[in-house]
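These notes are about the structure you will find just below.
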Amino acid sequence: MEQRASCWCVLLSCLLYTTSAHNDFFTSIGQMTDLLFTEKDLVISLKDYIRAEESKLERVKKWAERLDALTSTATQDPEGFLGHPVNAFKLMKRLNTEWGELENLVLTDMSDGFISNLTIQRQHFPNDDDQTGAAKALMRLQDTYKLDTHTISTGELPGTSPGVAFQSTMTVEDCYELGKIAYSDADYYHTELWMAQALSQLDQGEGSLIDAVTILDYLSYSIYQQGELERALEYTKRLLALDPAHQRANGNLKYFEYQLAKQRKAEEEEGGKKESKDQGKEKEADYLPERRKYEKLCRGEGITMTPRRQKRMFCRYFDNNRHPMYVIGPVKQEDEWDRPRIVRYHDIMSNEEIEKVKELAKPRLRRATISNPVTGVLETAHYRISKRRATVHDPQTGKLTTAHYRVSKSAWLASYEHTVVDKINQRIEDITGLDVKTAEELQVANYGVGGQYEPHFDFGRKDEPDAFKELGTGNRIATWLIYMSDVPSGGATVFTDVGAAVVPKKGTAVFWYNLFPSGEGDYSTRHAACPVLVGNKWVSNKWIHERGQEFRRRCSLDETD
């Protein structure tokens, strides 16, 4: 990195003038922002309702206090009180008219405005699936970045500063809810972690509507399901100490003791050999080797660039063979990786352009469709996605199923829709030298809480001859990816086959070829988008196709070109 920094200094001194242009739940930050303002509106409406109720009660209170004083005096000498004609008249008036008005006041429902507003807004609220999705996103982040439950519960995540205004902590109820969602998925590993965190916060004196008995019930059973009988028995005994009559715990106690005795007997018969049961310690049983590699790269581990190869990485001013647009003001080009060659271009989009693209995309953001990592089938119906969740073919059941391995929202922008899109497309063509007329529309994606895209290829493989048949423009020859936001923590683009990681930097773009000059697919370009841990990630990408590139990138049998 020092070499790259010094490189910029040398280049700056050599040039007199340069231009300086400038993750099914609510995964879109744009949509979640709308929800925040919806909630703020509801809070205002609720406070109006409270003020109306307080005003009503204040009027009733004053009425009661006035009549209390009056009746206390009057009942001491009823005849003398009523001997005054004005008192007699006012008594008739109060009982005939004023008490009726008071009755109407008490029966007036001041909540009508609030309830009406709430009913209207509820149609835009997240549903159970969205809440479950958000919980699973938290657990996905927990696994990917190896975070303990205490770190998440206190809100002190990597990329955040202690004491910041938006830092939030989790209550016992929050931890318990995460544990319950994991339990409903038979995910006993996360059930144990989050129920244990809920119990810990309860033990530390945090007030809660959830009692220790309920938490211990889930905790002991989830531990048992992971094969740890002794610990399960320990928690069951603790539960019974709090609630000796707990029917299920009493049954579990006898069963656990029976199973533990049976296990010990078997161990004695085998000469004291004890089988290792560590399935509850790490959630790796269902992870493929690539998954582990992907998560390591997301954490900044496992990057395979050696110091010797690093020395061959440079930064430079690039004019694409003296292209008229960049002779005077070339772009900053930085090598990110050598094989496959991945380059980053700096200051590709200005803040104004980024905001305009986001503004155009936000109303159209939909759940992204994707390629199935099991079957390898690429998406083909990209344009104007209407479904919130992607569906893929399940090779086991033969049925369509919801795809969870891409969690983002995306929209597609055509060049004719706004001049800023047309300018971006032209900029891509000028810098890459490739024809973008046959490229796909500019895709804008927003990765919110836990947003990710697991390992995949951008190009169609040999066993997918019809991957882009509908487009009629050949295979995807190259990918141009623009980062439209900085990400405080997480969100890197990682290349799992070669061990590369590219960190998002606002206004920059990364570019790589998916196909060799021979037309063969470059399998080393397999890549993924890491989950966003803190912040949100906006990107836009252009998939450039083969058609039209015949005289711009000539064919060659040399795959090292």
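The values are calculated or read from the model by the stated rules, or taken from the named source; none is laboratory data. Note that this is a predicted model, so its numbers are computed, not measured. Heads up, the Cβs are rebuilt from the backbone with ideal geometry, glycines too, and the neighbour counts pull from every protein chain shown. The area values use the complete protein model at the heavy-atom level, side chains included, leaving out ligands, DNA and RNA. Shrake-Rupley method; radii C 1.70, N 1.55, O 1.52, S 1.80 Å.
Numerical summary
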| read-out | value |
| --- | --- |
| Any hit, region 37-47, residues being closer than 30 Å to Ile354 by Cβ, in a helix (DSSP H, G or I), basic (Lys, Arg) and modelled with pLDDT of 70 or more | yes |
| Count of region 340-367 residues which are part of a helix (DSSP H, G or I), under 17 Å from Ala414 (Cα atoms) and out of contact with any Phe, Trp or Tyr (no Cβ under 7 Å at 6 or more places or on another chain) | 11 |
| Extreme residue, nearest to the chain's Cα centre (by Cα), among residues of region 432-461 that are of a type in the set (S, T, N, Q) and under 19 Å from Leu141 (Cα atoms) | Gln452 |
| Phe89 being of a type in the set (A, V, I, L, M, F, W, C), open to solvent by 70 Å² or more (accessible area, probe 1.4 Å) and out of contact with any strand residue (DSSP E or B) (no Cβ under 9 Å at 6 or more places or on another chain) | yes |
| Subset of region 307-327 [in a loop (DSSP other than H, G, I, E, B) and touching an Asp or Glu at 6+ places or on another chain (Cβ under 9 Å)] | Arg312, Met313, Phe314, Asn320, His323, Pro324, Met325, Tyr326, Val327 |
| In region 288-303, residue nearest to Ile342 (Cα to Cα) [restricted to those that are part of a loop (DSSP other than H, G, I, E, B) and open to solvent by 60 Å² or more (accessible area, probe 1.4 Å)] | Ile303 |
| Residue match in region 113-125 (condition: surrounded by fewer than 16 Cβ atoms within 10 Å (Cβ to Cβ), part of a loop (DSSP other than H, G, I, E, B) and among the aromatic types (Phe, Trp, Tyr)) | yes |
| Residue ranges of helices (runs of 4 or more DSSP H) in region 158-275 with at least 1 members under 25 Å from Gln142 (Cβ atoms) | 172-184, 188-203, 212-225, 229-242 |
| The lone exception for Ala390 - which of (1) at pLDDT below 50; (2) under 29 Å from Leu515 (Cα atoms); (3) loosely packed, with under 15 Cβ neighbours inside 10 Å it fails | (3) |
| Of all residues in region 130-158 being open to solvent by 70 Å² or more (accessible area, probe 1.4 Å) and closer than 16 Å to Gly179 by Cα, the one that is nearest to the chain's Cα centre (by Cα) | Lys136 |
| Counted residues, region 412-428 - those being open to solvent by less than 10 Å² (accessible area, probe 1.4 Å) and part of a loop (DSSP other than H, G, I, E, B) | 1 |
| Count of residues meeting criterion [in a helix (DSSP H, G or I) and within 18 Å of Arg94 (Cβ to Cβ)] in region 54-84 | 19 |
| Residue satisfying all of: in region 511-532; part of a strand (DSSP E or B) and more than 15 Å from Tyr453 (Cβ to Cβ); most open to solvent (accessible area, probe 1.4 Å) among these | Tyr513 |
| Odd one out for Leu16 among (1) open to solvent by 100 Å² or more (accessible area, probe 1.4 Å); (2) in a helix (DSSP H, G or I); (3) modelled with pLDDT under 90 | (2) |
| Residues within region 431-442 that are in contact with a strand residue (DSSP E or B) (Cβ under 9 Å, 6 or more places away or on another chain) and open to solvent by 10 Å² or more (accessible area, probe 1.4 Å), tallied | 6 |
| Residues being outside any loop (DSSP other than H, G, I, E, B) and not aromatic (Phe, Trp, Tyr) - total across region 429-483 | 19 |
